[in-house]
Structures are given as structure tokens and as C-alpha cells.
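Student: Pasting a structure below so you can have a look.
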Amino acid sequence: MLQGCVQIALTLAILVAIVPFFGRYMAQVFSGQSTRLGAIARPIERVLFAGAGVAAKRPMTGTQYISAVLMSNLVMGAFVFLILMTQERLPFNSTGLSAPSWDLALHTAISFVTNTNQQHYSGETTYTYFSQVGALGFLMFTSAATGIAVAIAFIRGLTGQAIGNFYQDLVLSITRILLPISLVGAIALLIAGVPETLGAPVQATTPEGALQWIARGPVAHFEIIKELGENGGGFFGINSAHPFENPNNFTNLLETVIMMIIPASLIITYGIMAGNPKQGWLIFWMVFGLYAILSAIAAIGEFWGNPLVNNVLGDIQPNLEGKETRFGWALTALWAVSTTGTMCGAVNGMHDSLMAPGGFVTLANLFLQIIWGGQGTGTAYLFVFLVLAVFLTGLMVGRTPEFLGRKIEKREIVLASLILLIHPIAILLPSAITLAFPETLSNISNPGFHGISQVAYEYASAAANNGSGFEGLGDNTLWWNLSTSFSLIAGRYVPIIALILLADGMTRKQSVPETNGTLRTDTVLFTGVTAGVIIILGALTFLPILVLGPVAEAFNLG
Amino acid sequence: MIQDLIVGIRSTLVLWVLTAFIYPAVILIIGQVAFPYQANGSLITNSEGQVLGSALIGQTFTSDQYFWGRPSVINYSEGDDAAPTGLSGATNLAPDNPDLLERIGTEVERLKTAETQPVADLVYTSGSGLDPHISPAAAQAQIRRVAAARSLAPDQLQMLISKYTDGRFLGIFGEPGVNVLKLNLALDNQ
């Protein structure tokens with residue numbers, strides 16, 4: 001038990017040590033200050049801007065920004081859909097794979113362009129190397145960069161600056177953040193044992209004479225951006241539990257930390273760009289606290305194991321179903337909380353086989369969306385909660401609600417509510433429909449209360465743009481592919497549009513000078529109220545489904 | 001609108017060249033030139049150059065002569081089902097699924113028949129279905145059986161087990177695991 005807790009605590013300590021430096025670096029990148037990487041990156045950026053035909057310095061209005069996001073994402077998604085559907089005739093198809101069904105290809109394209117990477121397929125048996133590298137690996141960069149760009153635009157708007165140029169932030173996110181870290185990280189993974197080859201699967205003859213087929217491929221470069229960009233789509237079906245994606249505890253530590261550094265550091269970036277680092281740190285510690293509590297709940301559940309199995313074994317042993325020996329209960333639980341909190345969605349153990357506390361925590365993370373949160377968008381949601389907390393406390397004490405010297409008015413509250421309400425709509429409505437037709441639609445694999453969790457998890461994962469799953473679910477059907485596509489799109493683009501409109505509106509507001517009567521937002525008390533708002537709003541919306549799923553399952557297990 | 005579309009298409013193309021062509025090509029070249037062993041899957045070959053397996057991927061062992069690995073729902077990607085792509089997969093059984101208990105019951109019976117203490121990782125299936133490791137306790141539990149089948153002294157096996165145990169990273173992170181394939185190949189070479 002103690003050994004496991006030390007592993008978890010040290011991993012978190014590494015994260016805390018990186019965040020201030022990386023947060024400051026991102027603030028420098030997006031404030032146009034020179035950085036050491038600039039000398040190498042600038043010529044590349046110049047080529048990219050020229051090739052794309054973008055006048056990078058020209059700031060965009062809110063509608064121009066939204067139009068640029070939607071149009072670029074549409075083109076990228078369509079491009080990838082085409083590659084997937086024609087993969088049979090494209091190169092690097094060593095195992096002779098044919099095109100997937102149109103609905104699976106559509107779901108895959110939408111899932112990757114929205115930074116979700118929900119997978120209704122197994123990589124090694126469905127997509128060729130060309131599809132994985134040229135289609136999915138490509139979107140891993142651009143979808144992550146889209147999220148970062150939106151977050152930066154949102155932060156700029158909140159602090160009264162022009163929201164900037166989408167294409168400029170998109171390219172800078174790639175050339176100065178995602179690509180340099182990926183290059184170094186991919187080489188580290190490669191040295192540690194992650195393959196990078198175009199060679200076909202290998203046939204091996206085992207000592208007992210069986211014929212083994214060893215899938216491999218260009219994995220290392222894919223794996224690192226998968227974690228860094230919070231994409232989470234595995235090269236292989238079983239994701240980071242696969243020994244070729246995550247062969248040892250060096251790679252596991254690297255992958256765990258790297259999936260959190262961007263969303264955690266963006267909070268600090270905000271503090272610096274808003275000229276109020278203290279507020280950044282207060283929010284950081286609030287999220288960190290929630291994250292640590294949820295990690296503890298999940299880890300304890302796995303440590304005590306499955307009471308039914310422990311009866312058979314005659315001993316208390318951790319739950320190792322769906323877990324790899326090398327990671328054990330502690331690091332699998334920590335990964336499960338981190339990957340659902342950050343909307344990465346990669347897994348190093350099966351969430352379907354987690355004990356009820358683990359199921360509860362992972363679902364709660366998907367519902368709340370801010371325990372670090374999605375690439376960029378998670379940070380933006382945090383500020384939406386801050387805006388709401390300002391509004392609520394303003395109502396309570398009878399002051400005009402102001403945030404960073406700008407009044408919060410009807411338009412802001414309507415947009416903030418839209419962002420929060422689209423999430424339950426995109427989860428609960430399709431879940432209800434699917435559960436109403438269990439025979440024809442749901443394809444649940446586990447009986448009882450857990451089946452309800454399977455369905456809710458799939459839609460929550462889609463709407464939160466996470467991508468992990470209770471993977472026993474038979475989800476490669478026309479219904480699942482199309483209905484989750486709805487949740488994917490609604491959960492991604494409705495909030496992005498609303499965030500940009502919100503930020504654009506704030507930019508154009510008159511700044512109100514701070515007085516004695518101003519409600520200060522950079523205090524421990526206010527941060528505590530914000531945490532309360534987050535938990536209460538989350539609980540009010542999703543408690544029934546948590547009770548019907550993991551809570552009931554926990555009582556059932558005894 | 002048309003302007004937006006053109007910029008969208010052009011930026012897609014230039015970013016595609018950078019992230020889906022140049023970047024993977026650089027990593028591929030570095031891998032194949034500088035680290036060919038890892039880049040090609042850490043393959044283990046015999047003296048005739050035949051591939052016996054990968055140091056990172058587990059295999060099925062059922063004979064008393066060998067240490068057994070963890071149960072795998074995909075049979076460690078062996079046999080006709082796995083051809084030609086290879087497989088990975090887990091049971092995804094929930095803790096309260098009756099199938100889980102039934103399977104574990106069978107597994108415990110099998111181990112007890114072989115006079116092996118049922119350790120958790122020997123009855124629970126792994127995440128990938130390809131787990132190369134078992135816990136040191138699971139290896140200990142099998143020493144007597146293997147020693148009897150091979151007429152070897154348990155002390156010798158003890159030494160081999162420690163030799164093929166991958167420790168925690170920096171002595172802290174993760175759990176120690178015995179690489180079953182490497183251990184069994186070493187037994188054959190005794």
C-alpha cells in the first residue's frame with residue numbers, strides 16, 4: 001500500500017515541478033516574446049504561413065475566428081475520411097487490409113478531428129500504417145493545436161486583448177510546443193523499446209511450437225503525440241497497455257506526466273497572461289486537490305481488490321483484471337484518473353474491469369471535464385466555472401459581478417450556461433434512447449448496473465472528447481458510430497463557438513476600475529466557492545446516473 | 001467563405017507534410033539507423049536467425065517444464081485467429097460479472113491441480129493479453145513444479161528468476177516482474 005502511494009505522490013510531484021516552467025514558456029510563446037526555440041522555429045513557421053497563405057499577424061474578429069476553426073477542421077476531417085476509405089489502394093498496407101465500413105471511417109475521422117480519439121476498432125486489425133501515420137497521426141497534432149489555440153484566444157479575450165489569429169496560434173502550438181516535445185519524447189520512447197518500423201507483423205515460433213503473430217509498426221512517434229496532445233488513440237487496439245506502446249515503467253512515467261503537462265501548465269499560463277499569477281496558482285491547487293482526492297479513491301478501490309475473487313483466493317489481493325503486471329494497481333489507477341481527467345483517453349489498463357470506485361471516479365472526471373480537462377478546452381471550462389462563481393457570489397452579496405475588471409452580464413451567463421448544458425444533453429439524451437432499446441441498440445457486455453455505466457461512459461467519453469471506454473461494449477455498429485458522432489461534434493464545437501463569442505464579447509467591454517466594493521477573485525475563499533460550484537453543478541446534473549451505475553454496483557459487490 | 005476554404009485546404013496540406021511525413025520520417029530513420037533492435041520490436045532470434053518471440057511480448061506456456069504466464073483472452077496472439085495482423089485484447093469483464101468468477105474458479109482449479117499457489121496475477125487476465133511478466137510471487141509458486149519436471153535444484157531456478165526479474169524503474173515506479181519468455185528460454189539453454 002505504502003509503496004503504491006509513494007509512486008503516486010512522486011509522479012504528482014514531478015508534474016508540480018514542471019508546471020511553472022512550462023506554463024511560463026507557453027505564455028512567452030503566445031505573447032510573441034522570443035524564446036530559445038524561436039531561432040529554429042521561425043524559418044519553419046515562415047514557410048508554413050507562406051504555404052498556407054495566412055497573414056499571421058492579422059487579428060481576427062470572433063466570427064472570423066469561428067469560421068476559421070470550423071472550416072479548417074472540416075477540411076482536415078474530410079481529408080482524413082478520404083484516406084481511410086481508400087486505404088486499400090494506398091501504400092504501407094502490409095497485411096492487406098480493406099477499407100473500413102463508411103460509418104466506422106466517419107466516426108474515426110470525427111473522433112480524431114475533435115481531439116477525442118474514441119476508437120470503435122482495433123488499430124492493428126483495421127487501419128494500415130498509412131492511415132495511422134498519415135491520417136490519424138496528422139489529426140493528433142492539429143486537433144490538439146486547435147484546442148490550445150482556442151484556449152489562448154479565450155484567455156486573451158478574458159484579459160481584454162484581441163483574440164488573435166487562429167492560424168498563427170495553430171501553427172505556433174505545433175512548431176513551438178507539440179512538435180519539439182514530440183521529437184525528443186519519441187526518441188526517448190524508441191530507446192526504451194517502443195518500435196518504429198514499416199515492417200510487417202513478425203511470425204515467431206514459440207518454445208512450445210505455437211505460431212505467434214507479433215504486430216508492430218511506426219509506433220514511437222505516434223505514441224508521444226498521443227499522450228502529449230491528449231489524443232489517446234492507440235496504435236494497437238489495447239492502447240498503452242500494449243507492451244509495444246508502453247513497455248516499462250520509464251515509458252509509463254513519461255506518458256503519465258506528459259499527458260498532463262499542457263492542461264496543467266495552461267492554468268499557470270493564464271495567470272501570467274492575465275497579470276495575476278496568484279490566481280493561476282490558486283486555480284491550479286484547487287484542481288490538483290480534486291485530482292489527488294479522486295486518485296486516492298480509485299487507488300484504494302483497486303488495492304482492496306474484488307471481494308468475490310478474494311473469497312476464492314482466500315486472501316486480500318489487488319484487482320489485477322485487465323492490468324499489466326509491470327504497472328500494478330497503483331500506477332494503473334493513477335493513469336485511469338489522469339487519462340479521464342485530462343481527456344487524453346489512452347489507457348494502460350481496462351476501465352471496464354476497474355472496481356466500482358474506479359468506475360465512479362473515471363465517470364465523474366468525464367462529467368466534470370475540468371480535472372485538468374481537455375487540451376485547451378479544459379482550461380477554458382475552468383474559467384467558465386469562474387465566471388459562474390463570480391455571478392453566483394455577486395448575487396449572494398449583492399454586488400455587480402465583475403471578472404478581471406469586466407462586467408459579467410446576461411450575454412456572458414447565457415453563453416456560459418450553453419457551454420455547461422450541452423454536455424448533459426450530449427450524454428443523457430442518447431444514453432436514454434440507447435438504454436430504452438437494450439436488445440437492438442446497446443450491445444452491453446456486462447450484466448446489471450455496470451451495463452448502465454457502459455452506455456453512459458461511451459457517450460460521456462464522446463461528449464467530453466476523451467476517447468477512453470468501458471471497452472467491453474460492442475460499439476462498432478451503425479447506431480453507436482452515428483450516435484456517438486453526434487455527441488462528439490456537439491461536445492466539441494458548440495462549446496468552442498460559445499467560448500470564442502464569450503471571449504470576443506469580453507474584449508469589447510469597458511474595463512471597470514477596481515474599488516473596495518469589487519469582489520476579489522484571487523482569494524482562497526473565492527477559489528473554494530468555485531470548487532463548490534463545480535461539484536454542485538456536476539452533482540446536480542449527473543448524480544442519478546452515478547447512483548444507477550457505479551454506486552449501485554459497489555453496494556451489489558458488498 | 002471561399003477564402004476560408006482555400007486557407008483551410010492549404011494549411012491542411014502544409015501541416016500534413018510537417019506532422020505526417022517529415023516528423024515520422026525523421027523518427028523512423030533515427031530508429032532504423034541508431035536503434036534497430038528496439039525499432040523492430042526487440043525480437044529474440046536463435047542461432048539460425050529464426051524469430052522465437054519478442055523480449056517485450058509474452059507467450060503461452062502450458063508444459064510443466066516451463067514457467068506459466070498470465071491467462072490471455074487472445075492466446076497471446078497465437079494461432080490462426082491472430083493471422084496475419086496480430087492481436088491484442090482484454091476480457092473487459094466487470095468485477096461483478098458472473099463470467100469473471102466462473103473463469104477465475106476454473107483457473108484456480110487448474111493451478112491447484114498443478115500444486116501451484118493461486119497468486120492474483122496468475123488468475124486475473126492482463127490488460128493487453130500480451131503481458132510478458134508475472135510477479136516474483138507467481139514465479140516462486142511455480143518453482144517446485146518446474147524443478148521436478150526438469151530435475152533441477154530449486155536454488156538454480158531461484159537464481160534464474162532473479163536474473164530475469166525487471167525491477168521497478170529507479171527502484172520506485174511500478175511493480176517488479178519476471179520476464180517469462182526470457183526465463184523459459186534460459187531454462188532450455190541450461
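The values are calculated or read from the model by the stated rules, or taken from the named source; none is laboratory data. Not measured: the values here are computed from a predicted model. For neighbour counting, all protein chains shown are included, and Cβ atoms are generated from backbone atoms with ideal geometry for every residue, glycine included. Side chains included, ligands, DNA and RNA excluded: accessible areas come from the protein's heavy atoms. Shrake-Rupley method; radii C 1.70, N 1.55, O 1.52, S 1.80 Å.
Student: On the accessible surface of the protein assembly as shown, probed at 1.4 Å, how many percent belong to carbon and sulfur atoms?
Tutor: Summing carbon and sulfur atoms, their accessible area is 66 percent of the total for the protein assembly as shown.
Student: Tell me which residues come under 5 Å, amide H to amide H, from residue A:403 once H is placed; ignore anything under 5 positions away on its chain.
Tutor: Those qualifying (amide H under 5 Å, at least 5 residues apart or on another chain) are A:408.
Student: Additional query: For the range B:1-104, what does the convex hull of the Cα positions come to per residue, in cubic angstrom?
Tutor: Residue-normalised Cα hull volume stands at 223 Å³.
Student: Placing +1 at every Lys and Arg Cβ and -1 at every Asp and Glu Cβ, with all other atoms neutral, what dipole size does the range B:43-188 have around its Cα centre, in debye to the nearest 20?
Tutor: Dipole magnitude for the range B:43-188 comes out near 480 debye.
Student: Could you give the nm distance between label points at residue A:411 and residue A:297, where each point is 7 Å from its Cα heading toward the beta carbon?
Tutor: Computed distance between label sites residue A:411 and residue A:297 equals 3.8 nm.
Student: List the trypsin sites (Lys or Arg not before Pro) within the range A:477-526 that DSSP assigns to loop and that have no more than 13 neighbouring Cβ atoms inside 10 Å.
Tutor: Passing both the DSSP loop test and the Cβ count: A:508, A:520.
Student: May I ask for the distance between the Cα centers of the range A:166-180 and the range B:83-118, given as a whole number of Å?
Tutor: Comparing the Cα centres of the range A:166-180 and the range B:83-118, I get a distance of 46 Å.
Student: Something else: Name the trypsin sites (Lys or Arg not before Pro) in the range A:5-80 that are in a loop by DSSP and that have at most 10 other C-beta atoms within 10 Å, would you?
Tutor: Passing both the DSSP loop test and the Cβ count: A:36, A:57.
Student: For the protein assembly as shown, what is the mean residue ellipticity at 222 nm derived from helices alone (per DSSP H run of n ≥ 4: -39500 (n - 2.57); sum divided by total residues; nearest 500 deg cm²/dmol)?
Tutor: That calculation yields -18500 deg cm²/dmol at 222 nm.
Student: Before we go on, tell me the buried accessible area for the B/A pair, both chains summed, 1.4 Å probe, in Å² to the nearest 100.
Tutor: 8300 Å²
Student: Here's a follow-up. Just to confirm, what accessible area per residue do you get for the range B:73-190 at 1.4 Å probe, in whole Å²?
Tutor: For the range B:73-190, the solvent-accessible area averages 41 Å² per residue.
Student: Which is farthest toward the positive dipole end of the protein assembly as shown among A:404, A:527, A:148, measuring Cα position about the Cα centre, with Cβ charges +1 (Lys, Arg) and -1 (Asp, Glu)?
Tutor: A:404
Student: Could you sort the residues of the range B:10-24 by number and keep only those whose accessible area is reduced by 20 Å² or more in the all-protein-chain setting relative to the chain alone, 1.4 Å probe?
Tutor: At a threshold of 20 Å² (probe 1.4 Å), the residues of the range B:10-24 that become less exposed are B:10, B:11, B:12, B:14, B:15, B:16, B:18, B:19, B:20, B:23, B:24.
Student: Would you look at the GNM of chain B, springs on alpha carbons closer than 10 Å, and say which of B:56, B:43, B:18 moves the most?
Tutor: Among B:56, B:43, B:18, the largest mean-square fluctuation in the Gaussian network model of chain B belongs to B:18.
Student: Apply the Karplus parameterisation 6.51 cos²θ - 1.76 cosθ + 1.60, with θ equal to phi minus 60°, to every residue of the range A:102-116 and state each ³J(HN,Hα) to the nearest whole Hz, in sequence, with x for glycine and proline.
Tutor: So the J values, rounded to whole Hz, are 4, 6, 5, 5, 5, 4, 4, 4, 5, 5, 7, 6, 8, 6, 9.
Student: Given a cut-off of 24 Å, name the pairs among A:323/B:182; A:57/A:226; A:410/A:509 whose C-alpha atoms lie farther apart than that in the structure shown.
Tutor: Table pairs above 24 Å Cα-Cα are A:57/A:226.
Student: Please state the charge dipole magnitude for the protein assembly as shown, taken about the Cα centre, from unit charges on C-beta atoms (+1 on K and R, -1 on D and E), reported in debye and rounded to the nearest 20.
Tutor: Charge dipole, the protein assembly as shown, about its Cα centre: 2820 debye, nearest 20.
Student: Obtain the nm distance between the two label points defined at residue A:278 and residue B:4 by a simple spin-label model: each point lies 7 Å from its Cα along the Cα-to-C-beta direction.
Tutor: In this crude label model, residue A:278 to residue B:4 measures out at 4.2 nm.
Student: Amide H of residue B:44 versus every other amide H placed in the peptide plane: which residues, excluding those fewer than 5 positions away on the same chain, fall under 5 Å?
Tutor: B:52, B:53, B:54, B:55
Student: Taking amide hydrogens as modeled 1.01 Å from N in the peptide plane, which residues meet the under 5 Å criterion relative to residue B:61, leaving out close sequence neighbours?
Tutor: Amide H neighbours of residue B:61: B:69.
Student: If you plug each phi of the range B:68-81 into the Karplus form 6.51 cos²θ - 1.76 cosθ + 1.60 with θ = phi - 60°, what whole-Hz ³J(HN,Hα) values come out, in order, with x for Gly and Pro?
Tutor: 8, x, 7, x, 10, 6, 10, 6, 6, 6, 10, x, 5, 4
Student: Read phi for every residue in the range A:12-18 and hand back ³J(HN,Hα) as whole Hz from Karplus 6.51 cos²θ - 1.76 cosθ + 1.60, θ = phi - 60°, with x for Gly and Pro.
Tutor: Calculated HN-Hα couplings, in order: 5, 5, 4, 4, 4, 6, 7 Hz.
Student: Leaving out ligands and nucleic acids, note down the accessible area per residue over the range A:464-558 with a 1.4 angstrom probe, in whole Å².
Tutor: Ligands and nucleic acids excluded, the figure is 43 Å² per residue.
Student: Ratio to report: Rg/Rh of the protein assembly as shown, with Cα atoms as the point set and Rh obtained by the Kirkwood method; give two decimals. Spell out each step's value before the answer.
Tutor: On the way: Rg = 25.6 Å, Rh = 26.2 Å.
Reported Rg/Rh, Kirkwood definition of Rh: 0.98.
Student: Can you classify the range B:43-188 as rounded, prolate or oblate using the Cα gyration tensor, where a ≥ b ≥ c are the square roots of its eigenvalues, rounded means a/c under 1.5, and otherwise it's prolate if a/b beats b/c and oblate if not?
Tutor: Working: a/c = 1.42, a/b = 1.13, b/c = 1.26.
Rounded, because the longest to shortest axis ratio a/c is under 1.5.
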